[in-house]
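The values are calculated or read from the model by the stated rules, or taken from the named source; none is laboratory data. In this text, all values refer to a predicted model and were calculated from it rather than measured experimentally. All Cβ positions, even for glycine, are placed from backbone atoms using ideal geometry, and neighbour counts span all protein chains on display.
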């Protein structure tokens, strides 16, 4: 799967998880870019912490190896998504900087 498709699928998933509230998007409006980015960063940090927690539990014999591998895989997917987003943002910036004014 290419990075653009991965990024798009993650963004759609996050957009579906954002609950509408007084500060969030209204019915019929798309969520703003900042909230999507903040949610993705938060999910990445949470997945990394969960993986670290599972690894620590496994080190003392309180976690199953399958749970550790699953948590690490989830954290890896989140990190790859953030890296793909970063790469796309850098590419967009470079494209804009090459434009003639």
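Some observations on this one:
- When the stretch 13-58 is filtered for residues that are modelled with pLDDT of 75 or more, in contact with a helix residue (DSSP H, G or I) (Cβ under 9 Å, 6 or more places away or on another chain) and outside any helix (DSSP H, G or I), only 31 remains.
- Here residue 99 does not fit the description of being closer than 14 Å to residue 47 by Cβ and either in contact with a helix residue (DSSP H, G or I) (Cβ under 6 Å, 6 or more places away or on another chain) or loosely packed, with under 10 Cβ neighbours inside 10 Å (or both).
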